[in-house]
Every structure is written in C-alpha cells, then in structure tokens.
C-alpha cells in the first residue's frame, strides 16, 4: 500500500492511498462520499477486495475532506471534478496501458456522474454505490424553483448554510449551492447520457440518506442495472455479508 500526494494545477494537493500491482490491466478509482475520506471503512474494504482480485486500486481525499492537505481546499463541485481528473491523469501518465474504472459512493457517485456527463473520463465502467443522483435536490430542493427570500437573506449574510447529512453537521458555501442548482444530474442525464459508459448501481433498500426510489427510477429510466440490497441502509454494512455483495457486483462490472 503506497501513500503519496498528487499536486493539482492550482497547487492544491490530493492525498492518495494506492495498491497497484505491476502490470495490472485495470485500476479502480474510488470516489468517497460526503464527510468521508480515502480511509473510510468502505474504501478500505474495497481496496483489499479488488487488490486480492489482481486489480489496481486508488482512493483519494476529495476537497474539504480528510485530515490532510485536501481539507484545506474548498468543497466545490468544480474542485471535486478537478481532483478526480488529476487522479485520472496521474494514472494515465504512470500506467498508460491500464484501463481506468470508477467506483463512486453517495456524493462521490454524484461527482462521478457529472464527471462522466461532461466527458472528462477516459474510463468506460462506472459503479455507483448508494449514489446521490439527486444530491442537488437533497440540498437545495427544487432546482427549478425560485429560492426562498428568507433563506437567501441568511445565505447572503453569512455566506453558507449548515445542515445535517448522515448524522453529521455539514456546511455548504453559497458558491457550492449555486453549483448544485446548476448541475442537476437528473436533468443532465435526461438531456443526454454519457457516451460509451457502462454503469452498474447498488443501493440499500432502507437507505435513510439517499432514498432508493428515485435512484431506482433513474437507473431504470436510463437502462442501468441496479441491485437493491434488502434491509440495508446507506453504508450497506448492517449485515457482515453485505459489503461482499457490493464488491461482487462491482467486480462483475470491472472484470468484463
């Protein structure tokens, strides 16, 4: 397991953990969720699982997350997209013969979805674990509605809002909220889906953070396969066997 830092063009740094065997033909990029990090239980489990299958894997801290340098960069969608692109470019430069694949969790699934929609990717396989495809709607509500005047007055005064996501207090800047309002994954995919990208979804049936119903509807509308794990929540880890279900579905996508 290697730990290192990738420097972005804006001089911000991305702390990474990677396990990439020599001459591996595929490398998985893990994109973590909100209030998480590259060393989350999910990322750690998946890194071990994929490494045992002979796949390369890299996890990194998104902007505004972790305990290292990435925590100093503002949580903005554009910064998140830039970090993912920087990680991918690093891999392309160092492992030019390896196929890039993606594993997005929760908010990381939303970031990945926008990344793919913009055509920033070289990889063609995207696994979505409890993906927050409705993340803008979760945070700002109806993205087409006029903002509430009282809420806007508070936002303009203090420059941010605070809310609770998955049991944790989270602060979102005005700029980030404006980005979300302008980047509804639902709307973007209704207009055009990413070219030549193969998706696979897994979601917990009882997910209290990202409800399964709109995600299932999104996947089915666009013809993406989705596995709903019974009785499971957002982490899909209530049962000791559940993380393996997620990993197995992801592996079936990546191994093709």
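Worth pointing out:
- Residues that are exposed (fewer than 11 other Cβ atoms within 10 Å of the Cβ), touching a helix residue (DSSP H, G or I) at 6+ places or on another chain (Cβ under 9 Å) and in a helix (DSSP H, G or I), drawn from segment 139-157: 156
- Taking segment 225-256 as the range and being in contact with a helix residue (DSSP H, G or I) (Cβ under 8 Å, 6 or more places away or on another chain), closer than 24 Å to residue 137 by Cα and outside any strand (DSSP E or B) as the test, the residues that pass are 225, 232, 235, 236.
- Hey, residue 47 in a loop (DSSP other than H, G, I, E, B) and more than 15 Å from the chain's Cα centre (by Cα) or not: no
- Only one of the numbered conditions (1) in contact with a helix residue (DSSP H, G or I) (Cβ under 8 Å, 6 or more places away or on another chain); (2) over 28 Å from residue 134 (Cα atoms) is violated by residue 73, and that is (2).
- In the set (1) modelled with pLDDT under 95; (2) under 20 Å from residue 100 (Cβ atoms); (3) buried (at least 21 other Cβ atoms within 10 Å of the Cβ), residue 21 fails one condition alone, (3).
- Residue satisfying all of: in segment 222-256; under 24 Å from residue 124 (Cβ atoms) and free of Cβ contacts under 8 Å to residues at least 12 places away in the same chain; surrounded by the most Cβ atoms within 10 Å (Cβ to Cβ) among these: 248
The values are calculated or read from the model by the stated rules, or taken from the named source; none is laboratory data. Since this is a predicted model, take the numbers as computed values, not measurements. Here the Cβ is made from the backbone with ideal geometry for all residues, glycine too, and neighbour counts use every protein chain on show.
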